[in-house]
Amino acid sequence: MPFEPPSYNARESAERPFASIQDFNAMTRLVIVGGGHAASQLAASLAEKRFPGQVALISDEVHLPYHRPPLSKTLIKDPEAVLPELRGAAFYEQAGIELRLGTRVQGIDRARKVLRLVAPDGPRELAYDHLVLATGAKARELPQAPVGTPGVHYLRTYDQAQALRDALAQARRIVVLGGGFIGLEIAATARQLGKEVTVFEAMPRLLARSVSPAVSDFLLATHRGAGVGIRLGTMVDGLQMAQGRATGVLAGGLSVPADVIIAGIGATPNVDLARDAGLACDDGIVVDATLATTDPDISAIGDCVAFPHPDWPQRLRLESVQNANDQAKALAARLCGEPQPYAAVPWFWSDQGEARLQITGLWRPGCESVLRPASRGNGFSVLHYEGTRLRAIESVNSPVDHMAARRLMQSGQSPDKAVVGDPARPIQAA
C-alpha cells in the first residue's frame, strides 16, 4: 500500500473537491473501464439504485468480471476449478448493462468525450457523458523477464492462473521472488501440492511494508515449519537462462535451479489511459474525497486510484477487494445524487496455508501495540493504538477477536488497551 510524500494533506483535499457535484440524473451514458471487483460492484450498485442512464462496462479480458483472491490458492491447485464469476451474464443482461469484453481502450478524447477502442471487430469510438476508470493494477515485471518469458510466471489474471496451474503440475522445484501477500500465498499453495519451494525476499522480514514485526515473525515460522525455504535480505542478481527459458536464479553468489519461477514483486497502478489524457497521476490516478478526478466528467475507483482518507495524513492507494467494493458503492451513491466522502475503514485478509491473516486499519511504526493471544489454538491479535484510539488490528487465526475489534473501529470506538491483552476478557468499547 504505497504512499506519496507527506506534502499532501488529505483533510484539506477532502474539504476542497476538484469539481462540484453534477446533476447526474441528466446523464444519458455512463461508461466503466475495467473488469475487476470495482467495475462489477459499481455496475451492481448502479442497478440497485436504479441509475437512470445507460451503463456500459468495457474490459480487455474476454471473461466476465471474476473473484480475484482464489487465483493464488484454489485456481492454481485444483484442475477442476472454474472461473469464479462475481456475477453471471444474466445479471448484466437483466440490469441492462452493456458488456464489451475483449475490448481495449486505446485512448480518451476528453474534449469530445469519446473513447477510442480496439475491439474484436476492429477499431471503434464510444461516446460517454461520464467516465469511470476502474483499471486496476498490473504486476511489476522483472527487467530481464517481462510477461511471457518462458519459465517465469506472474499472477494477476485468470488466464495467468491457468498457465501457472499447468506449469506447477509438471514441476518439482519452485522459486518465488517476493515475500509479500501474493508470493507467500502461492508459496503455501505450492507447498501443499508437495513442491520444493524457496522464497527470496529482499527486505529483512516478510511483508515488511504491510504488517508489524510480530506478524512477520509468526508467518516466517509458519512457512518454514511447513517446509518452505525462505531467504530474507537476499537480492536476486539475475536469472539463469537456457534456450530462451528461465531455469533458475542467481542470488548471493549461488545458483538455485527452478522448474518454475514466480515473480511476486508487487504491482503498479494502470494509469496510462489517465496520464495520457492529462489527468493528475501520482502513484495512482489522483482523486478527491468523492472519487472525482481533475476532470469533472471522469471518476476513478479501485486499485488504480490515490485517494485522501480522513484518518491518514497522506494520500493512499490500496489493493484490496474491500477498498474496490466500498469505493464503488460510494461512487454509485454520488452518481445517483447522494454524494458522500469516502472514509471506509480499510480491511484485508490473506490465507497462507494454515495461517489466516486478517487486518483492519493501517499499522505504522510508532503505534503502541498490545498482544492478545487467541482464546484457543495458536492464534493471536496485535492491537495498535495512537494514544487511546485503536488504529489497526492484525489477527492470525483469531477471527472472533478480529471481528469484535473491527466492529468497534468501524463505529469509531476503541477498546481499553489496558484490558485487551487478557484473552479471558471480551473486546468491547472502553
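The values are calculated or read from the model by the stated rules, or taken from the named source; none is laboratory data. Owing to the predicted nature of the structure, the values given are computational and were not obtained by experimental measurement. FYI the Cβ positions are ideal-geometry reconstructions off the backbone, even for glycines, and counts take in every protein chain you see. To get the accessible areas, we keep the full protein, side chains included, count just its heavy atoms, and leave off ligands, DNA and RNA. Shrake-Rupley method; radii C 1.70, N 1.55, O 1.52, S 1.80 Å.
Mind checking which residues of the range 35-66 are in contact (Cβ under 8 Å) with a residue 40 or more places away in the chain, in a loop (DSSP other than H, G, I, E, B), open to solvent by 10 Å² or more (accessible area, probe 1.4 Å) and not charged (D, E, K, R)? Across the range 35-66, the qualifying residues are GLY35, GLY36, PHE51, GLY53, VAL62, HIS63. The condition of being touching a Pro at 6+ places or on another chain (Cβ under 8 Å), over 18 Å from GLY353 (Cα atoms), modelled with pLDDT of 95 or more and open to solvent by less than 40 Å² (accessible area, probe 1.4 Å) holds for ALA137. A Cβ distance below 9 Å, combined with a sequence gap of six or more or placement on separate chains, defines the contacts here; from the range 216-234, residues that are at positive phi reach no residue that is open to solvent by 30 Å² or more (accessible area, probe 1.4 Å) and among the hydroxyl-bearing types (Ser, Thr, Tyr).
Being in a loop (DSSP other than H, G, I, E, B) and open to solvent by 40 Å² or more (accessible area, probe 1.4 Å): is that true of VAL118 here? For VAL118, the condition - in a loop (DSSP other than H, G, I, E, B) and open to solvent by 40 Å² or more (accessible area, probe 1.4 Å) - is not met. Here the range 74-89 is the region considered, the condition is being assigned to a loop (DSSP other than H, G, I, E, B) and either of a type in the set (A, V, I, L, M, F, W, C) or touching an Asp or Glu at 6+ places or on another chain (Cβ under 6 Å) (or both), and the residue that is modelled with the highest pLDDT is LEU86. Suppose the filter is in a loop (DSSP other than H, G, I, E, B) and either aliphatic (A, V, I, L, M) or open to solvent by 20 Å² or more (accessible area, probe 1.4 Å) (or both); does SER369 pass it? Spelling it out, it is not the case that SER369 is in a loop (DSSP other than H, G, I, E, B) and either aliphatic (A, V, I, L, M) or open to solvent by 20 Å² or more (accessible area, probe 1.4 Å) (or both). The listed residues are GLN340, GLN352, GLN322, and the only one of them that is over 25 Å from ALA39 (Cβ atoms) and either of a type outside the set (Gly, Ala, Ser) or open to solvent by 10 Å² or more (accessible area, probe 1.4 Å) (or both) turns out to be GLN352.
Among the residues of the range 165-183, are any surrounded by 14 or more Cβ atoms within 10 Å (Cβ to Cβ), of a type in the set (Gly, Ala, Ser), modelled with pLDDT of 95 or more and over 27 Å from the mean Cα position of the chain (by Cα)? Working first, answer last.
Start the filter on the range 165-183 by keeping residues that are surrounded by 14 or more Cβ atoms within 10 Å (Cβ to Cβ), which leaves 165, 167-168, 171, 173-183.
Among the residues that remain, those that are also of a type in the set (Gly, Ala, Ser) are: 167, 171, 178-180, 183.
After this cut, where a residue has to be modelled with pLDDT of 95 or more as well, the list is 167, 171, 178-180, 183.
Of the ones still in play, those that are also over 27 Å from the mean Cα position of the chain (by Cα) are 171.
Checking the range 165-183: at least one residue is surrounded by 14 or more Cβ atoms within 10 Å (Cβ to Cβ), of a type in the set (Gly, Ala, Ser), modelled with pLDDT of 95 or more and over 27 Å from the mean Cα position of the chain (by Cα).
Of the residues examined, GLY88 is not one that is surrounded by fewer than 16 Cβ atoms within 10 Å (Cβ to Cβ) and either within 19 Å of GLY136 (Cα to Cα) or within 20 Å of the chain's Cα centre (by Cα) (or both). Note on the range 191-206: residues that are aliphatic (A, V, I, L, M) and either in contact with a His (Cβ under 8 Å, 6 or more places away or on another chain) or buried (at least 23 other Cβ atoms within 10 Å of the Cβ) (or both) amount to 3.
ALA163 meets the conditions (1) assigned to a loop (DSSP other than H, G, I, E, B); (2) without any contact (Cβ under 8 Å) to a residue 12 or more places away in the chain in every case but one. The failed one is (1).
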